[in-house]
1. Here's a check for you: in the stretch 215-246, which residue that is under 15 Å from LEU24 (Cα atoms) and not aliphatic (A, V, I, L, M) is surrounded by the most Cβ atoms within 10 Å (Cβ to Cβ)?
2. Output yes when any residue across the stretch 9-17 is assigned to a loop (DSSP other than H, G, I, E, B), under 18 Å from the mean Cα position of the chain (by Cα) and under 24 Å from VAL232 (Cβ atoms), and no when none is.
3. Take the stretch 103-137 and flag every residue that is at pLDDT below 95 and either of a type in the set (Lys, Arg) or within 20 Å of GLY21 (Cβ to Cβ) (or both).
4. I'd like to check something: does the stretch 119-136 contain any residue that is assigned to a helix (DSSP H, G or I), crowded, with 20+ Cβ neighbours inside 10 Å and not small (Gly, Ala, Ser)?
5. Could you pull out every one of the helices (runs of 4 or more DSSP H) wholly within the stretch 32-112 that has 2 or more residues that are without any contact (Cβ under 8 Å) to a residue 40 or more places away in the chain and aromatic (Phe, Trp, Tyr)?
6. Name the pairs: first residue in the stretch 15-26 and free of Cβ contacts under 8 Å to residues at least 12 places away in the same chain, second residue surrounded by fewer than 24 Cβ atoms within 10 Å (Cβ to Cβ), Cβ to Cβ under 8 Å, at least 6 apart or on different chains?
7. Search the stretch 35-94 for residues being surrounded by fewer than 17 Cβ atoms within 10 Å (Cβ to Cβ) and hydroxyl-bearing (Ser, Thr, Tyr), and hand back the single one that is modelled with the lowest pLDDT.
Amino acid sequence: MAPHVFSERARPFLLEGGAHGILLIHGFTATPAMMRPLGEALYAALSAAGEPPTAQGILLPGHGTRIQDMRSEGGYGPWLNAAREAYDALAARCARVSVIGHSMGGVLALLLAEERPAHAVVPIAAPMRLCRRAARLAPLVGWAIPFATDKKALAIEESDLGYAGTPLCRVGDLLRLMRRAERNLARVRCPMLAVQSKDDRTVRPVSADIILRGVSSARKEALWLERSGHGVPIGPEQQRLFDACAAFLRT
């Protein structure tokens, strides 16, 4: 049975196509709604080029329902296993699979590229370093103060659907994923496009440099944006993102 979600736009999505699978993974507290515009743009662009992809956006455990579910259902293992299972299922039906992730989803995309024979990987605003240095203290207080109120509304627009708060009890899991991904970056050998906004107030832009220096990919490129903030897939420069990802995946 599909989990209850607070909006239909928060549900996983699948755009049926051909042999090139594209797995899209949302970030911490977000939903597939954040990745849907990119998935739809890639589907249209690659279809116009004669190769419609199979684009799938997944919903990570504990997301899209109630923020309390982040405590009971989310976490390091469930998130990583959900990404693995989605990749393997897509690989079973597609000849090749590319992985695109935003924020924590970008970290999961890197972990998949370290473990699986990905065709290409696109980490978007994937954190290796966070702007809020106090984040490392969250695991110490997270079980006493599990949730912190955020100024973000539950649904600012149809593509920006997420929890109106930060589950401090799960920040430690995000940090563990970041450390694991950074530790094994050299295992990434597939083509990479690292996307980062210089105006990101959540992820330190140096994260993209760390990723690009660390991977073993023969082909690695960077897309630097100037004014997109952290929500790159729905930001003011989203068309640049769409065009760059489509061009990268076509070649």
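The values are calculated or read from the model by the stated rules, or taken from the named source; none is laboratory data. Worth saying up front: this structure is predicted, and the values here are computed from it rather than measured. We place every Cβ from the backbone using ideal geometry, glycine too, and count neighbours over all the protein chains shown.
1. Applying the first criterion (under 15 Å from LEU24 (Cα atoms)) to the stretch 215-246 yields 231-234, 241-242, 245-246.
Filter once more, so that each one left must be not aliphatic (A, V, I, L, M): 231, 233, 242, 245.
Numbers: GLY231: 24, PRO233: 30, PHE242: 18, CYS245: 25.
Per the criteria, the residue is PRO233.
2. We begin by selecting, within the stretch 9-17, every residue assigned to a loop (DSSP other than H, G, I, E, B); these are 11-12, 16-17.
Still in the list and also under 18 Å from the mean Cα position of the chain (by Cα): 11-12.
Imposing the further condition that a residue be under 24 Å from VAL232 (Cβ atoms) reduces the set to 11-12.
Yes, that holds for at least one residue.
3. ARG132, ARG133, ARG136
4. Of the residues in the stretch 119-136, the ones assigned to a helix (DSSP H, G or I) are 133-136.
Of the ones still in play, those that are also crowded, with 20+ Cβ neighbours inside 10 Å are none.
Within the stretch 119-136 (the criterion being assigned to a helix (DSSP H, G or I), crowded, with 20+ Cβ neighbours inside 10 Å and not small (Gly, Ala, Ser)), the answer is no, since none of the residues qualifies.
5. Numbers: elements: 36-48, 68-72, 76-93.
Helices (runs of 4 or more DSSP H) meeting the threshold: none at all.
6. none
7. Going through the qualifying residues, I end up with SER72.
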